[in-house]
Amino acid sequence: MALHKQVDVSQQEREVDINPVYVQEKGLQTPRYRMPDHGLLPHTAAQVVRDELILDGNARLNLATFVTTWMEPEAEKLMADSFDKNMIDKDEYPQTAEIERRCVNILAHLWHSPAGRDAGGCSTTGSSEGAMLGGMALLWRWREARRAAGQDATRPNLVMGTNVQVCWEKFCRYWEVEPRMVPMERGRLHLTADGAVAQCDENTIGVVAILGSTMDGSYEPVKEISDALDRLQRDKGHDIPVHVDGASGGFVAPFLHSYLEWDFRVPRVASINASGHKYGLVYPGVGWVVWREPSALPEELIFNVNYLGGQMPTFALNFSRPGSNVIAQYYNFLRLGFRGYHDVQQACQDVAVYLATKISRMGPFELLSDGKELPVFAFKLKDSVTGYSVFDISERLRSRGWLVPAYTFPPNLQQTAVMRIVVKNGFSMDLAGCLLTDLHTQVKILEANPRPPVPLEGEKHRESFRH
Ligand SMILES: Cc1ncc(COP(=O)(O)O)c(C=O)c1O
């Protein structure tokens with residue numbers, strides 16, 4: 001989470017005023033950056049907090065986030081009923097543990113884990129933790145194999161595209177693994193098989209393939225990458241596993257692209273992570289990671305906790321965590337079933353493809369992806385447009401409540417500034433129509449009021465948040 005600095009309270013301008021209507025008393029205040037000496041009544045405190053939060057954006061209009069912004073009231077009730085259950089207390093809440101087991105099994109099945117190979121996995125706080133655990137398993141496996149062969153095990157590297165989500169950079173920095181990043185190029189917005197293999201050597205702990213890319217929603221070619229690694233093994237003997245970062249695609253491809261071989265159907269895929277709180281359709285706080293077979297997850301990484309008088313193996317970075325998100329995930333599996341997930345993701349994709357098509361025909365824009373893989377697409381201004389930038393459009397759309405991020409791509413495409421739209425459950429065709437109208441209006445205003453071009457470097461500070 002954000003690292004916050006301590007505020008110098010002597011410099012602090014004002015305490016928080018409490019509306020006299022809430023307390024029937026004038027001039028009541030509560031300190032902003034230290035604990036008040038005395039508390040407030042529950043409804044007063046709740047109202048003060050609620051008043052602060054009106055300054056946040058509207059989550060339903062947040063087209064930057066991949067994370068679920070709407071769930072059914074029944075799911076919300078179930079979550080509220082189970083906020084008090086600590087996921088780690090397996091012995092005290094054995095049925096929550098059983099529900100987690102069912103979810104792992106459902107996902108292993110959905111991702112075609114081979115029969116009889118004992119796939120296993122766990123819930124996490126999100127894909128970032130899933131990525132850390134997946135990465136650690138790769139690192140430990142590689143180290144064990146190198147040591148067993150009497151070889152140097154001090155210079156591990158991980159191969160991936162520069163389009164990876166920041167969690168993979170974190171993994172590399174925290175566990176001292178060299179990140180081998182294959183740059184993006186014009187016309188190549190994610191990792192390719194050739195690009196990946198060219199970076200691999202005997203110190204490569206694994207290749208991360210993303211389904212799909214945070215930058216533009218495109219799928220990386222997992223099967224092609226794996227085939228190329230097969231050839232590398234034949235030629236040079238390096239046996240390099242693939243981890244699929246299916247943060248979003250792990251819950252989209254099985255329903256919309258069932259023909260695509262990206263999961264455990266590909267023998268080299270050792271592990272897969274996904275975010276339950278993205279296209280798994282649960283509110284923030286749950287992810288999943290599954291390993292193909294026990295040999296993909298070294299024993300040393302596993303800790304046992306008490307469970308019904310016995311022991312239950314666990315693998316996690318943290319300890320306590322609410323059970324509510326895992327329970328909500330199971331609710332979604334029961335409530336929607338395969339057909340229901342298909343219909344939700346298809347509806348998202350229909351909206352994404354419709355929006356992308358309309359935006360491409362608006363005049364100033366060029367698509368970089370079209371929403372046909374993840375229901376996500378990125379677009380840029382044509383090179384001929386100079387009087388305004390994507391940052392201006394993003395800012396102007398905020399005046400109507402739309403949160404559409406504008407940002408520059410990573411190396412080697414830092415000169416490309418794009419906007420990206422993530423279509424999620426609950427973003428209807430009607431809302432898409434409203435967005436198109438507002439986008440069109442703002443573009444017309446900007447066209448009528450051009451400004452001198454600002455160099456991209458000068459725009460950098462305006463990059464809006466993306467995931
Ligand atoms: C491809 C990819 N991997 C990992 C993550 C991190 O996911 P989480 O927010 O669930 O930790 C994201 C988030 O957008 C992502 O898109």
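The values are calculated or read from the model by the stated rules, or taken from the named source; none is laboratory data. Since this is a predicted model, take the numbers as computed values, not measurements. Glycine gets a Cβ as well: all are built from the backbone with ideal geometry, and neighbour counts include every protein chain shown. All accessible areas refer to the heavy atoms of the entire protein, side chains included, with ligands and DNA or RNA removed. Shrake-Rupley method; radii C 1.70, N 1.55, O 1.52, S 1.80 Å.
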(request) Search the stretch 34-57 for residues that are in contact (Cβ under 8 Å) with a residue 60 or more places away in the chain and pair each with any residue that is surrounded by 10 or more Cβ atoms within 10 Å (Cβ to Cβ) and not hydrophobic (A, V, I, L, M, F, W, C) when their beta-carbon atoms are under 9 Å apart and the residues are at least 6 apart or on different chains. (result) G57/R398; G57/G401
(message) Taking the condition of being part of a helix (DSSP H, G or I) and surrounded by 22 or more Cβ atoms within 10 Å (Cβ to Cβ), how many residues in the stretch 111-128 meet it?
(response) 1
(message) Condition first: within 16 Å of the ligand (Cβ to nearest atom), among the β-branched types (V, I, T) and surrounded by 10 or more Cβ atoms within 10 Å (Cβ to Cβ). Can you find one or more residues in the stretch 83-92 that meet it?
(response) no
(message) Whether any residue in the stretch 277-284 is open to solvent by 40 Å² or more (accessible area, probe 1.4 Å), at pLDDT 95 or above and within 16 Å of the ligand (Cβ to nearest atom) is what I want to check.
(response) yes
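Table: residues versus (1) open to solvent by less than 40 Å² (accessible area, probe 1.4 Å); (2) under 25 Å from the mean Cα position of the chain (by Cα).
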site	(1), (2)
E144	no, no
R147	no, no
N157	yes, yes
G161	yes, yes
E169	no, yes
R173	no, yes
E178	no, yes
V182	yes, yes
H190	no, yes
(request) Can you run down the residue pairs with Cβ atoms below 8 Å, 6 or more apart or on separate chains, where the first is in the stretch 295-314 and closer than 16 Å to G135 by Cα and the partner is assigned to a helix (DSSP H, G or I) and open to solvent by less than 30 Å² (accessible area, probe 1.4 Å)? (result) A296/A137; L297/A137; P298/A137; L301/L133; L301/M136; L301/A137
(request) Name the single residue, out of those in the stretch 44-82 being more than 23 Å from the chain's Cα centre (by Cα) and β-branched (V, I, T), that is farthest from the ligand (Cβ to nearest atom). (result) T44
(message) Regarding the stretch 340-354, can at least one residue be identified that is crowded, with 16+ Cβ neighbours inside 10 Å and polar (S, T, N, Q)?
(response) yes
(message) For the stretch 56-70, check the following and say yes or no: at least one residue is in a loop (DSSP other than H, G, I, E, B), in contact with a helix residue (DSSP H, G or I) (Cβ under 7 Å, 6 or more places away or on another chain), open to solvent by 90 Å² or more (accessible area, probe 1.4 Å) and under 30 Å from G249 (Cβ atoms).
(response) yes
(message) For the structure I just gave you, tell me whether R14 is of a type outside the set (V, I, T) and at pLDDT 85 or above.
(response) no
(request) Please verify whether the stretch 401-409 includes one or more residues that are open to solvent by 30 Å² or more (accessible area, probe 1.4 Å), in contact with a Gly (Cβ under 7 Å, 6 or more places away or on another chain) and under 30 Å from M181 (Cβ atoms). (result) yes
(request) Name the residue, out of T96, T125, T154, that is within 16 Å of the ligand (Cβ to nearest atom) and at pLDDT 95 or above. (result) T125
(message) For the list (1) open to solvent by 40 Å² or more (accessible area, probe 1.4 Å); (2) of a type in the set (A, V, I, L, M, F, W, C); (3) in contact with a helix residue (DSSP H, G or I) (Cβ under 8 Å, 6 or more places away or on another chain), I need the number of the one condition that C434 fails.
(response) (3)
(request) Go through the stretch 230-259 and give me each residue that's of a type in the set (D, E, K, R) and not in a strand (DSSP E or B). (result) D230, R231, R234, D235, K236, D239
(message) Among the listed residues A137, A131, identify the single one that is surrounded by 22 or more Cβ atoms within 10 Å (Cβ to Cβ), assigned to a helix (DSSP H, G or I) and within 12 Å of the ligand (Cβ to nearest atom).
(response) A131
(message) Checking L28 against (1) away from the ligand (no atom under 16 Å from the Cβ); (2) farther than 24 Å from S123 by Cβ; (3) modelled with pLDDT of 90 or more, only one condition comes out false. Which one?
(response) (3)
(message) Condition check: without any contact (Cβ under 8 Å) to a residue 40 or more places away in the chain and touching a Gly at 6+ places or on another chain (Cβ under 9 Å). Does V242 satisfy that?
(response) yes
